[in-house]
Amino acid sequence: MLHTSTHFDIIIAGAGPAGSTAAFLLGKAGLNVLIIDKNKFPRKKLCGGLITDRTVKLLERVFGATVDTLNQHGIIEYESDHYEVYGKKRLITERSFEIPFRFIDREKYDNFLLQKALQAGASLIEGDGVKSIDISKSSVHTRGGWDVTADVIIGADGINSRVRRSFPVDLFGREDWTENVASAHEVIMSRDRLNRQIDHPALYFGHVNHGYAWIFPNRDTVTAGICGLKQHTGKSVLSIFREFLNGMDLSNAGDERINSYVLPYGCYLPNPAFRNLVIVGDAAGFADPLIGEGIYYAQRSAELAAQAVLTLREENKKFDETEHYYVPLIKQYLLTEFEYAGKIRKAIFRYFSAFDFFILGELMNFYGNKTIEAIHGIRSYKWMKKK
Ligand SMILES: Cc1cc2nc3c(=O)[nH]c(=O)nc-3n(C[C@H](O)[C@H](O)[C@H](O)COP(=O)(O)OP(=O)(O)OC[C@H]3O[C@@H](n4cnc5c(N)ncnc54)[C@H](O)[C@@H]3O)c2cc1C
């Protein structure tokens, strides 16, 4: 039974993939964990739902959940081992690969992970958001009046994180943050209203600068989306998206609503922790700066946060030192990859946009499966070395 003034080992703000992964690992290790989410689950999340092989491996390693498990729960909507990449006017490369891209239903995926965390012993307050944090007292206050304390507070509350905003003001480059958050728009269309069959995922460059558009197939629907950095785009990303849909002959797919959100696209924080306060996932800007893949990095950063807390406990250190255990892990496992992904992105948008991304297509053809292996996490973006 929860009391409004209870003390926990760990409080986690946000029950997305990041929050539930941290809660599962820490709950399983016997810690007293509380998750707080402003929404009630199952809840919707705007997302393309693409997961790569590195996510499949993480799910197996952390939760013991295989592709079969995900299928049994109806989480995987679609699989495709073929993909296409377009410039503005033409196809620049297409390929098949032995490991398919998988598309998940985020409502089911996030709820599945949350149930795993609850089964591991975590407690949940849902439908009530974190309002503020008092770092000096290590306490969390919710809109609904909860006032709870913890040894460690984990901010997994997404891109508009309250926890991140509770950090000392000058801890991060705030301009870097806002300049590298992409506008994202998405529409989900029923297959039976489309003029054409869409069987595999496609990425489209050249419509928006520092960003791209996508069309992803699902079981009964097709998702089209776009993301782009505002500062590099002369007009609104939304108006570009409408033009894209018209050009793709998708505007007649009905009056499905275009949903809009923001997405980390190079705004990753180099020091996402302060004493016993750590942030993970979108809250820390952890998405691949090249393709915007965020689900894996949300879960991987949460796994590293759990690892930091458990090592600290094992070594009998003070919780104030969590920062010194978590940040080096993030630098080692995430930031180097992000740095290289960011360099590739710069090259793509600065130099390869000429001739409608012809050179990008030629390079992808030259590297062959290596490019796709890097996206699946089998190779590093650093010189395409095998991991
Ligand atoms: C249009 C679009 C398409 C995308 N497509 C893909 C894709 O195909 N593949 C991919 O890998 N990534 C994709 N992403 C990125 C991916 O959705 C995110 O990176 C991922 O959801 C991050 O997980 P998270 O757990 O950090 O945050 P979230 O999933 O955002 O979860 C945060 C949770 O915190 C809760 N919360 C928020 N504020 C509070 C508060 N004050 N108090 C308590 N709880 C709070 C929210 O209710 C939510 O449940 C896409 C993003 C967008 C916008």
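Brief remarks on what is shown
- Shape analysis of the stretch 126-180 yields a ratio of the Cα radius of gyration to the Kirkwood radius, Rg/Rh, of 1.00.
- Average projection, convex hull of the Cα set of the stretch 291-387: 7.3 square nanometres.
- Cβ crowding within 10 Å averaged over residues, with 177-184, 303-310 ranked highest first: 303-310, 177-184
- The string of couplings for the stretch 262-272 from the Karplus curve (6.51, -1.76, 1.60, θ = phi - 60°) is 10, 9, x, 9, x, 9, 4, 8, x, 10, x Hz, one whole number per residue in order, with x for Gly and Pro.
- Of all DSSP bridge pairs formed entirely within the stretch 18-160, close to 80 percent run antiparallel.
- Secondary structure note: in the chain, about 70% of the DSSP beta bridges are antiparallel.
- Taking every Cα-Cα distance in the stretch 142-266 and sorting them into 5 Å bins from zero, the calculated P(r) comes out as 2, 9, 17, 18, 13, 12, 10, 8, 7, 4, 1, 0 percent.
- Remark: the stretch 187-203, residue by residue, has Karplus-estimated 3J(HN,Hα) of 9, 10, 10, 6, 4, 6, 9, 8, 7, 9, 7, 10, 10, 9, x, 9, 10 Hz, where x stands for each Gly or Pro and the curve is 6.51 cos²θ - 1.76 cosθ + 1.60 at θ = phi - 60°.
- Per the Debye formula on identical point scatterers at the alpha carbon atoms of the stretch 1-101, with no solvent, log10 I(q)/I(0) at q = 0.11, 0.14 Å⁻¹ is -0.52, -0.75.
- Alpha-carbon Rg with Dmax, taken over the chain, Å: 20.7, 64
- Sorting the segments 113-122, 133-142, 289-298, 18-27 by their residues' average number of neighbouring beta-carbon atoms within 10 angstrom, most packed first, yields 18-27, 289-298, 113-122, 133-142.
- In terms of distances greater than 26 angstrom between alpha carbons, the cross-link table entries 108/385; 40/331; 45/89; 57/331; 331/387; 40/235 yield 108/385; 40/331; 45/89; 40/235.
- The simple Förster model, with R0 at 35 Å and r as the Cβ-Cβ distance, assigns residue 40 and residue 135 a FRET efficiency of 0.80.
- Relative packing of 36-46, 191-201, which averages over residues the other C-beta atoms within 10 Å, highest first: 36-46, 191-201
- CD proxy at 222 nm, helix term only [per DSSP H run n ≥ 4: -39500 (n - 2.57); per residue of the chain; nearest 500]: -9500 deg cm²/dmol
- Local electrostatic count, residue 140, Cβ distance below 9 Å [Lys/Arg +1, Asp/Glu -1]: -1
- Bridgeable aspartates and glutamates around residue 88 (alpha carbons under 13 Å apart, same-chain partners fewer than 8 residues away excluded): 243, 356.
- Debye-formula intensities of the stretch 51-128, expressed as log10 I(q)/I(0) at q = 0.12, 0.19, 0.20 Å⁻¹, are -0.47, -0.87, -0.93 (one equal scatterer per alpha-carbon, no solvent).
- Amide hydrogen proximity for residue 86: with H placed 1.01 Å from N in the peptide plane, the residues at 5 or more positions away or on another chain lying under 5 Å are 92, 203, 204, 205.
- Scattering profile of the stretch 146-215 at q = 0.12, 0.17, 0.27 Å⁻¹ [log10 I(q)/I(0), Debye over alpha-carbon scatterers]: -0.63, -0.87, -1.33
- Summarising the label geometry, the points placed 7 Å from Cα in the beta-carbon direction at residue 96 and residue 220 lie 2.9 nm from one another.
- For the stretch 194-237, the Kirkwood hydrodynamic radius from C-alpha pairs, put into Stokes-Einstein at 25 °C and a viscosity of 0.890 mPa s, yields a diffusion coefficient of 213 µm² per second.
Bear in mind these aren't lab numbers, they're just calculated from the coordinates by the rules spelled out. Predicted model only: the values in this text are computed from it and were never measured. Counting neighbours? That spans all protein chains shown, and the Cβs are built from the backbone with ideal geometry, glycine included.
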